[in-house]
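Report on one structure; see the data block that follows.
The values are calculated or read from the model by the stated rules, or taken from the named source; none is laboratory data. What you see is a predicted model; the values in this text were computed from it and never measured. Cβ coordinates were reconstructed from backbone atoms using ideal geometry, including for glycine residues, and neighbour counts include every protein chain displayed. Accessible surface is based on the protein model in full, side chains and every heavy atom, while ligands, DNA and RNA are left aside. Shrake-Rupley method; radii C 1.70, N 1.55, O 1.52, S 1.80 Å.
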Amino acid sequence: MSLISARSIAKRFSTASGGFYALKKTSLSFPSHGLIAIKGKSGSGKSTLLNILAGIESPSQGRVFLHGEDIARKGRPLLGHEAAMVFQHYNLIDGDSVFQNVSLPLLIRGEGTKKAKELLNQFGLWSLKDKDIRTLSGGEKQRVAICRALTGDPEILFADEPTGALDEQNSSLVMDALRVVSSSRLVLMVSHNEELIARYADAVVEIVDGRIVSSTLEKPSQEASPKKKAHRRISGGWVLRFLGKNIRQNLGKDTMCFLSGTLGFAALLLSFGFLVGNLPAMEAEQEKTLTYLSASISKRSVVEIPGSALSLVKQSRPSEEEAIAALKEIEGLDIVTDYGYFFASNLPFTCGDTTYEPVTLSPLYDITLQEHGAPLWRQGEIPKTNDFSSCVVNEEFIKHYGSALLGETVSFSSRSVITYQGKQNEVFVDAHWRIAGVVREFGFLNVPRVYYSYQGLCDALADIEVSGEAGESANLIAIAQEAAADSPYGNFSRLLFLHDAKDVHVLHELIDRKTFGEELEVQASSYSLRQSFLSLSSAFTSSLSLFVGIAMVGLALILGMASYSSLVAGRKQNAILSVLGAGVGSILSIYVFEAMVLCVGSSLTALLISPLLQDVLNKLLYREFDIAHLIAIPYQQYMGVPFLLVIGLVLVAALLGLLSSIVPLAIHRKMPIAEELRDE
Ligand code: ADP
Ligand code: MG
């Protein structure tokens, strides 16, 4: 039995002008050692024959046997295992040292580098061990390539024009080396150098136009001994080294990808920060309105119409006890009478001779703004007394009516008709307020507003007397206090003045929990604002999540393209690694790691720069929307887990790198080795 044999092999290539046979049907057997030359003119099919025997090109028909076993059924290549190959143009790894080149197959096999040292010494190359391959002469390169090929102790050494690029002297050195090698193994060499063949070859196969025309091969006599199976260990060190090399080689492209990755991840972080931060930010903004601490409570009362099946449902003022009982969970609370019947909440006003259109009027518990107004203060002066002499307006008022009104006195007059003990009284409540200053409230959903002192209104009402038919009189305060629920003076609500932001949250909670029953109703502008924010926030959240998803797919595509292009750029190197025995998985892992390094690296950079971006964006958003800290990336803690976001982002990045590289690489899995290694 021969060591390696080809049975009825042929190779047909298809070209633009149709197919042709580069190798016509032939059968050959080779002995277990000796230097066998395949000679022929250029283009005659020598390389094709050698490549088919070496298993890096598959025959169009026929089979190749090693130790009687079909090599196509082995499930792994011959090269890097039972065989090795040297090429006309060496196919060494440029940029690596002599020692790195020779020890690479050993590392791929997970072996120590001792063998590399032995071989370099044997071939007199040890002194060159640290030199960059690119600085060597052709002869030195080819001898290094032979050393590299011998590290795996192959049974067969294939050599395709090993002296093709060398001068006479170097050719002799290389041939001497091959001669030595062939004493213990089969060396199958392609050459067109008749003289060298005559000098060195033990047997010659001649090929003309793809057909074997002569062969001095003897029928092999001795039985080849089955080769021991080499034990392989997994080793990743060389993969990491090539990863580093790759990143250095692809520096420009990888930098671009790194930047787009950084931007992508930063955008992801910022979007996430917005999703987490927008609602709390908006909720914090609502405190920036002077109405934040006020609300009202009213009661639905049913009034029977005598002699009718119909009844009237109307809003009325609950009793003080009912209001207190309903709101007992709120600590510091003032429940006061609403005098809205006597003093409307929307009135036109005059200033000098000019009459202005109606504006909204809101009572404040304390117009000297002891509680929370000071941070909102914008212009003018804070009123010093809590009376009916001055008012405060918001910025919307100034925008609408002009800043010239600041410091001026504006007059409002509210007219109502009050029947007291059978007599109708026409009552005017007049207010003459100096506009003391302007507050900068949260502008969103706000209207021009004038704030006056509730205490001031009480004092004004206490001064107004109405009279009954019998001549008795009473002031408006007393009338309103005593009015029954179905009286017009009692059909308003009770006002609630809270004094602490945390009580406002309690109030909102009470409204949410619907604790007031069927009858009582609490209305708070802060609550309506919050409801608007909630729906706005959920609209933001769902639309932004969609965009983030699209952005992630885009990022994955960019990164996938990067690893794919690295793989394509590294085709030759990968073919070399493959014939040195590296598995497809290990070679692809270089590119998967490259994508993962890019992804994880850019996600970490994004984490580093995102606080700055967050600041800048928050400033811009504040200028635009008046809402501070809309983006709040939860670095330290999310959903109660410390650093969940940081860890999560890095994991997502690693996963993205893995997926984005594996998919395109899977497409490229079949690497055309022979074409890459063919000598041009
Ligand atoms: P040699 O090594 O003897 O110079 P080759 O074996 O490289 O010749 O090539 C034999 C013939 O096959 C040549 O005409 C070459 O152009 C052709 N050939 C080689 N590889 C391919 C290929 N992948 N596709 C098409 N034609 C090819
Ligand atoms: Mg050739």
Counting other Cβ atoms within 10 Å, which trypsin sites (Lys or Arg not before Pro) in the stretch 293-356 have at most 16 and lie in a DSSP loop?
-> K328
Calculate I(q)/I(0) for the stretch 251-300 by the Debye formula, one identical point scatterer on each C-alpha and no solvent, and give its log10 at q = 0.18, 0.22, 0.31 Å⁻¹ to two decimals.
-> -0.73, -0.83, -1.03
If only Cα atoms are counted, what is the Rg of the stretch 331-397, and what is its Dmax, in Å?
-> 13.9, 47
Enter the Cα centre distance for the pair the stretch 166-223 and the stretch 13-33, rounded to the nearest angstrom.
-> 19 Å
Could you pull out every one of the lysines with an alpha carbon less than 20 Å from that of K39, ignoring same-chain neighbours closer than 8 positions?
-> K11, K24, K25, K219
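Assigning unit charges at the beta carbon (Lys, Arg +1; Asp, Glu -1) and nothing else, what dipole magnitude in debye, to the nearest 20, does the stretch 294-526 show about its Cα centre?
540 debye
Rg(Cα) of the stretch 294-526 divided by 2.2 N^0.38 Å? Spell out each step's value before the answer.
Values: Rg = 19.0 Å, N = 233, 2.2 N^0.38 = 17.5 Å.
Against the compact-globule rule of thumb, the ratio is 1.09.
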Quick one: pull the percent of accessible area on the chain belonging to carbon and sulfur, 1.4 Å probe, ligands and nucleic acids left out.
-> 56 percent
Return the Rg/Rh value of the stretch 1-85, two decimal places, where both radii are evaluated on C-alpha atoms and Rh is the Kirkwood radius.
-> 0.97
By how many degrees, 0 to 90 and rounded to 10, does the Cα axis of helix 237-249 deviate from the longest principal axis of the chain?
-> 70 degrees
Cα pair distances of the chain binned at 20 Å [whole percent] = 14, 28, 16, 13, 14, 11, 2, 0
For the stretch 4-234, report the accessible area per residue in Å² (1.4 Å probe, heavy atoms, rounded to an integer).
-> 46 Å²
Counting only heavy atoms of the protein chains, get the accessible area per residue of the stretch 294-526 (1.4 Å probe) and round it to a whole Å² value.
-> 49 Å²
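Indicate the gyration tensor shape class of the stretch 154-215 (rounded, prolate or oblate), computed on the Cα atoms with a ≥ b ≥ c the square roots of the eigenvalues: a/c under 1.5 is rounded; otherwise a/b larger than b/c is prolate and the rest oblate.
Numbers: a/c = 1.84, a/b = 1.22, b/c = 1.51.
Here the stretch 154-215 falls in the oblate category.
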Along its principal axes, what span do the Cα atoms of the stretch 484-552 show, with the longest given first and each in whole Å?
-> 64, 26, 19
Which GluC sites (Glu not before Pro) from the stretch 491-590 combine a DSSP loop assignment with at most 14 other Cβ atoms within 10 Å?
-> E518, E519
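Would you tally the net charge around H33, using a Cβ to Cβ cut-off of less than 11 Å, leaving H33 out, and scoring K and R as +1, D and E as -1?
On the way: positive: R185; negative: E155, D202.
Value of the local net charge: -1.
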When the charge dipole of the chain is computed with +1 at the Cβ of Lys and Arg and -1 at the Cβ of Asp and Glu, the Cα pointing farthest to the positive end, of P488, L53, W433, is that of L53
Give me the percent of DSSP beta bridges within the stretch 294-526 that run antiparallel, rounded to the nearest 5.
-> 80 percent
Checking rank on 468-474, 333-339, with mean other Cβ inside 10 Å and highest first, the result is 333-339, 468-474
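Over the stretch 294-526, what is the relative contact order in percent, taking alpha-carbon pairs closer than 8 angstrom and at least six residues apart? Don't skip to the end; give the middle numbers.
Details: 455 pairs, mean separation 73.6, N = 233.
Here the relative contact order equals 32 percent.
Determine the calculated [θ] at 222 nm for the chain from helices alone, applying -39500 (n - 2.57) to every DSSP H run no shorter than 4 residues and normalising by the residue count; nearest 500 deg cm²/dmol. Don't skip to the answer; put the middle values down first.
Values: 18 runs with 280 residues, N = 680.
Helix contribution divided over all residues of the chain: -13500 deg cm²/dmol.
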Relative contact order, percent, of the stretch 4-234 when contacts are C-alpha pairs under 8 Å separated by at least 6 residues?
-> 30 percent
At L445 and R179, where each label point lies 7 Å from the Cα along Cα→Cβ, what is the point-to-point distance in nanometres?
-> 9.7 nm
note: the stretch 613-680, Cα-Cα separations exceeding 13 Å make up a percent value of 77 percent
Got a sec? Charge dipole of the chain, +1 on Cβ for Lys and Arg, -1 for Asp and Glu; which of V204, L361, I71 is way out at the positive end?
-> V204
Relative to the longest principal Cα axis of the chain, at what angle does helix 138-150 sit, 0 to 90 degrees, rounded to 10?
-> 80 degrees
At 0.36 nm per residue, minus the direct Cα-Cα distance, what do T541 and E69 gain on full extension? Give it in nm, one decimal, please.
-> 163.6 nm
Given a 1.4 Å probe and the protein chains all in place, what does the accessible area of H67 round to, in Å² to the nearest 10?
-> 50 Å²
Set Lys and Arg Cβ to +1 and Asp and Glu Cβ to -1, take the dipole of the chain about its Cα centre, and tell me which of S411, N618, S542 lies farthest positive.
-> S542
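Rounded to a whole number, what is D in µm²/s for the stretch 4-234 from Stokes-Einstein with the Kirkwood radius over alpha-carbon pairs (20 °C, 1.002 mPa s)?
118 µm²/s
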Of the listed peptides 531-543, 642-654, what is their order by residue-averaged count of other C-beta atoms within 10 Å, with the highest listed first?
-> 642-654, 531-543
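Quick one: of the DSSP bridges fully inside the chain, what percent are antiparallel, nearest 5? Walk me through the intermediate numbers first.
On the way: 69 of 99 bridges.
Restricted to the chain, the bridges split so that about 70 percent are antiparallel.
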Please list the radius of gyration and Dmax for the stretch 546-680, considering alpha-carbon atoms only, with Å as the unit.
-> 20.3, 69
Note down the net charge around G62, summing +1 for each Lys or Arg and -1 for each Asp or Glu among other residues with Cβ under 10 Å from its Cβ.
-> +4
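Explain nothing, just the number: dipole magnitude of the chain about its Cα centre with +1 on each Lys and Arg Cβ and -1 on each Asp and Glu Cβ, in debye rounded to the nearest 20. Don't skip to the answer; put the middle values down first.
Numbers: 62 positive and 71 negative charges, 1316 e Å.
Using only the charged Cβ atoms, the result is roughly 6320 debye.
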